[in-house]
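Structure record follows, encoded as structure tokens.
The values are calculated or read from the model by the stated rules, or taken from the named source; none is laboratory data. As the structure is a computational prediction, the values presented were derived from the model and not from experiment. Cβ: placed from backbone, ideal geometry, glycine included. Neighbour counts: every protein chain shown. Each accessible area value is taken on the protein alone, full model and side chains, heavy atoms only, with ligands, DNA and RNA left out. Shrake-Rupley method; radii C 1.70, N 1.55, O 1.52, S 1.80 Å.
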Amino acid sequence: MSRPGRLRPRSLRSRLVLIAGLLATGAVALCQLAGLVVLRSWLTDQVDERLAGFRPPPGMYEDLADGSLSHRAPDVLPSDYRVFFYSPRGDLLKDALGRTSPAGPTLPDRSADLELSDGRPATVPADGGDGADWRVLASSGPGQVRSVVALPLDTVDGATAKLLWFGVGLGTLAAGGVVLLGNAAVRLGLRPLTRVERTAEHITAGDLELNVPVADADTEVGRLGLALNTMLDRLRSALRRAEDSERRMRRFMADAGHELRTPLTAIQGFAELLVDQPGMTGGRRREAHSRIVHNADRMSRLVDDLFLLAKLGHAPVRRRERVDLLSLCADAIAGTAVRHPDRHIGLQPLGGPGTGADSGPGPDHGPGPGPDHDHEEDDGGQDLDVVEALGDGHQLAQILGNLLSNACAHTPAGSRVVVRVGAARAGGETGGTDRPGRVGAGRPMPYGAAVCVVEVADDGPGIAPDDARHVFSRFYRAGPRDPDRVAGSGLGLAIASAIAEAHDGRLELDGRPGGGCVFRLLLPAVG
């Protein structure tokens, strides 16, 4: 059994052509039907006017009374008129005026059965049901004689039939023309949609860089194309982000596995040594235990750093309070000075020696404190003002600790490190713009926005441009200055930049070989 749905047109073009054809055919049929009704009514009115204007021949009723009506000639009446009579007793008389063929109208034998009102025309069928209908009009004559005048409707039926067949032919031609011409017109009108369809097929086949052609943005198809192009751009961006995220995740997992493998291998090796050589000396046993503890601590710190990076990448800063950056810098300097007594570390205002009036220290400026300043505040004759920002004090302190530890790790003994704190406007030298030798992590600060600035500058050997481009990447290490110092995990600056981004801030580096480095932390100022 066939399904009814298979008979339905499946394409939009076929449906449009079918609908247009049906509408056109229906319109032609309605017009022809209206014309047919109007024409038949008009022709019938013409026949009624002829019946109403009929005048009987002279002496007709006298001849009827003396029985000589049958002697009248058949063509005594004009055209196709027929006149029938009912006697005073109500019987239909056999004598009638007019031609005998074709058959006349069907009339009852009794006048009482004649459902006609005098002066009101009516339509009756032909006698025996053969031929056209008749239009009749009854009237009363002298001596209670009733006469019925009749005219055939063959001319009316003929004209109506011709118009009907003409309408059928015209409707058929109209339907065929609409199907042929409408198909071409619809095909032409849907050509932009066809191009969209073909482009979608190519995109489905794998060509994701294609865009839907837009010929006219003011049309429905044009607006559809624009919407599809916008959707495709977003999908492509999402795919690129997903691919980039997957690539970074794979690299991150490979780097993390590599970093964890080293201390884990050392722990396993020294543990196996203790098991395989139970009779080793006490000194060697203590050294093996010390190595195991050292590598376990290193692996623990690495796992903690990885956990912190994962948390910063997925959770906003929940604890936001006013934080005094000047106090954080002083505490960070004090803690770093204990671990690095061979470095000269100072604290200055942002506009102190070695900086421009509106800028932080660049690679071509000295960090400021003289050799006689060791682990103490040096304001260069200027006052240190309190600078407050909104954020988590513990996380911001971690940024400063990482920056100071990084400066000490990559500078030789006796180097000078200065921390500068102040408020400024973003732009120019103070963040928000790119310039040669500067790299940053996080969104640039809006030009002219009020920002809190913390700079950590050193007069060390600086950093090569190739290393500067990757300095905020995870697990990247440029190598410590001190050859006896164990290299770090390469996560310190990555953590610092992630914390800065979580605080809607930015971390920047200005540096060049032989000119020292300046790390700059930018945070939105408290409104």
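Candidates 428, 440: the one that is modelled with pLDDT under 80, in contact with a Leu (Cβ under 8 Å, 6 or more places away or on another chain) and open to solvent by less than 50 Å² (accessible area, probe 1.4 Å) is 440.
Looking only at residues of region 90-120 that are among the aliphatic types (A, V, I, L, M) and in a loop (DSSP other than H, G, I, E, B), we find that the one that is surrounded by the fewest Cβ atoms within 10 Å (Cβ to Cβ) is 103.
Every test in (1) modelled with pLDDT of 80 or more; (2) on the phi < 0 side of the Ramachandran plot; (3) over 39 Å from the mean Cα position of the chain (by Cα) is passed by residue 449 save one, and that test is (3).
Candidates in region 452-489 are the residues that are surrounded by 15 or more Cβ atoms within 10 Å (Cβ to Cβ) and among the acidic types (Asp, Glu); of these, the one that is modelled with the lowest pLDDT is 467. Out of 187, 234, report the one residue that is at negative phi and loosely packed, with under 11 Cβ neighbours inside 10 Å. Checking each option against the conditions leaves just 234.
Output the residues belonging to region 191-233 that are touching a Ser or Thr at 6+ places or on another chain (Cβ under 6 Å) and over 26 Å from residue 14 (Cα atoms). Within region 191-233, just 210 meets the criteria.
For residue 118, the conditions (1) within 19 Å of residue 48 (Cβ to Cβ); (2) in contact with a Phe, Trp or Tyr (Cβ under 8 Å, 6 or more places away or on another chain); (3) among the acidic types (Asp, Glu) all hold with the exception of (2).
Criterion applied to 156, 136 was being open to solvent by less than 50 Å² (accessible area, probe 1.4 Å), in contact with a helix residue (DSSP H, G or I) (Cβ under 7 Å, 6 or more places away or on another chain) and among the β-branched types (Val, Ile, Thr), and the one residue passing it is 156. Counting the residues of region 289-298 that are more than 19 Å from residue 277 (Cα to Cα) and either within 47 Å of the chain's Cα centre (by Cα) or among the charged types (D, E, K, R) (or both) gives 2. Taking the criterion of being at pLDDT 85 or above and open to solvent by less than 70 Å² (accessible area, probe 1.4 Å), the only residue of region 270-289 that qualifies is 271.
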